[in-house]
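Enquirer: First the structure, which I've put down as structure tokens, then a few questions once you've had a look.
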Amino acid sequence: MRFVYIMDPMERLNYEKDTTVAFIKAGQDRGHESLHTRFSDLYVQDGDVHATVRPVKITKTAPFYTYGDPVDVRLADVSGVLIRKDPPFDSAYLYGTLMLERVRDRTILMNDPRGLRDANEKLYALHFARHMPKTFVGASAKKIFEFTDSVGTAVIKPLYGAGGMGVLMLARADRNARSIVDILTEEGTRSVMVQEYLPAVTSGDRRVLLLDGQVLGAINRVPRADDIRSNIHVGGTVMPHTLDEAEQKIVADITPRLKKDGLHFVGLDIIGGKLTEVNVTSPTGIQELSAHLQRDVAVHVIQWLERRADEYRPALRSIPGT
């Protein structure tokens with residue numbers, strides 16, 4: 001089969017940690033072709049969406065990948081399209097998802113472009129506010145500080161970031177607090193999310209990976225002693241984790257909505273039994289989960305894609321030069 005990955009350039013990825021690398025390698029090991037492209041390489045011609053792609057293979061030596069020659073493909077002819085572009089969700093991302101509507105119901109899309117447009121990774125969690133910590137979203141410094149005063153200490157974060165970018169602790173006693181709010185809200189013109197600080201983060205932030213509503217597994221990301229952020233990207237230590245009863249209930253409550261919105265591969269962030277984010281653009285953590293479970297979890301995702309691709313039965317064609 002042939003799978004197109006809409007993603008960042010390979011040179012930006014971490015071979016030992018990136019989930020997309022694990023997907024490409026798992027597909028390669030099962031005899032599939034992986035085709036790399038970017039949103040800027042999508043185009044519509046005669047009403048159909050195409051992409052200029054380059055075959056990509058994972059290797060065992062640096063730089064750990066090779067590209068083939070570029071070629072154009074019609075996306076309706078491939079077995080599946082994996083949208084794995086890291087945030088921010090900018091205009092190029094938006095227009096790309098709109099073009100991908102031309103291939104809806106003709107091949108498997110993971111995740112669904114409509115679901116991606118509706119699911120800002122911070123704001124989508126508000127659908128499940130009953131499971132969240134106390135949360136405020138807005139741009140008003142006055143209201144942000146009123147909320148912060150009500151919870152004591154808070155965490156403020158931009159709505160468009162990823163990997164812990166721009167996540168800061170916010171406390172009224174901090175003389176930098178007003179400057180932090182001014183910078184992140186661009187002086188009251190851009191909304192941010194502010195949540196009560198959860199002391200339980202010191203013992204870890206759970207990343208729960210879901211595939212089609214089923215739990216693939218979970219890891220616990222423990223922040224460094226000098227940081228409130230537990231993201232792997234910024235140095236969080238990864239530990240194995242088994243979901244407790246409260247976390248299982250959160251997952252069970254959320255999954256029907258995820259499936260309805262076509263959000264097949266998702267990473268939930270849970271701290272102290274509270275849902276903080278729903279990651280849908282390019283959830284990571286599968287390599288760390290595989291290491292703890294001592295089996296390649298990415299293979300399960302590829303096998304799921306194989307089954308779904310069979311439902312569409314696209315016209316498979318070999319690519320010249322590969």
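Enquirer: Might you let me know whether segment 112-130 holds any residue that is assigned to a strand (DSSP E or B) and either in contact with an Asp or Glu (Cβ under 9 Å, 6 or more places away or on another chain) or farther than 23 Å from ASP18 by Cβ (or both)?
Expert: No, every residue in segment 112-130 fails to be assigned to a strand (DSSP E or B) and either in contact with an Asp or Glu (Cβ under 9 Å, 6 or more places away or on another chain) or farther than 23 Å from ASP18 by Cβ (or both).
Enquirer: Sticking with this one: Looking only at segment 80-91, filter to residues that are over 17 Å from GLY163 (Cβ atoms) and at pLDDT 95 or above; which one of those is farthest from the chain's Cα centre (by Cα)?
Expert: Top of the filtered list is GLY80.
Enquirer: Would you pick out the residues in segment 206-223 that are closer than 16 Å to VAL280 by Cα and basic (Lys, Arg)?
Expert: ARG206, ARG207
Enquirer: Output the qualifying pairs, or none if there are none: Cβ atoms under 7 angstrom, residues six or more apart or on different chains, first residue in segment 205-228 and over 16 Å from LEU168 (Cα atoms), second residue surrounded by fewer than 24 Cβ atoms within 10 Å (Cβ to Cβ) and aromatic (Phe, Trp, Tyr).
Expert: From segment 205-228, the pairs are LEU211/TRP304; ASP212/TRP304.
Enquirer: Hey, could you check segment 145-172 for residues that are of a type in the set (Val, Ile, Thr) and assigned to a strand (DSSP E or B) and say which is farthest from LEU123 (Cα to Cα)?
Expert: THR153
The rows are residues; the columns are (1) under 22 Å from ARG190 (Cα atoms); (2) under 15 Å from the mean Cα position of the chain (by Cα); (3) at pLDDT below 95; (4) not polar (S, T, N, Q).
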{"residue": "LEU75", "(1), (2), (3), (4)": "no, no, no, yes"}
{"residue": "LEU94", "(1), (2), (3), (4)": "yes, no, no, yes"}
{"residue": "ARG102", "(1), (2), (3), (4)": "no, no, no, yes"}
{"residue": "ASP112", "(1), (2), (3), (4)": "no, yes, no, yes"}
{"residue": "LYS122", "(1), (2), (3), (4)": "yes, yes, yes, yes"}
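Enquirer: Looking at THR107, THR97, which one is crowded, with 20+ Cβ neighbours inside 10 Å, free of Cβ contacts under 8 Å to residues at least 24 places away in the same chain and not hydrophobic (A, V, I, L, M, F, W, C)?
Expert: Checking each option against the conditions leaves just THR97.
Enquirer: Identify, please: which residue in segment 1-52 is of a type in the set (Gly, Ala, Ser) and assigned to a strand (DSSP E or B) and is, among those, surrounded by the fewest Cβ atoms within 10 Å (Cβ to Cβ)?
Expert: Applying the filter and picking the extreme gives SER34.
Enquirer: Give me a count of the residues in segment 53-64 that are surrounded by 12 or more Cβ atoms within 10 Å (Cβ to Cβ), closer than 25 Å to PRO87 by Cβ and touching a residue at least 24 places away in the same chain (Cβ under 8 Å).
Expert: Qualifying residue count for the region: 4.
The values are calculated or read from the model by the stated rules, or taken from the named source; none is laboratory data. Computed from a predicted structure; not experimentally measured. Glycine also receives a Cβ, built like all others from the backbone with ideal geometry; neighbour counts cover every protein chain displayed.
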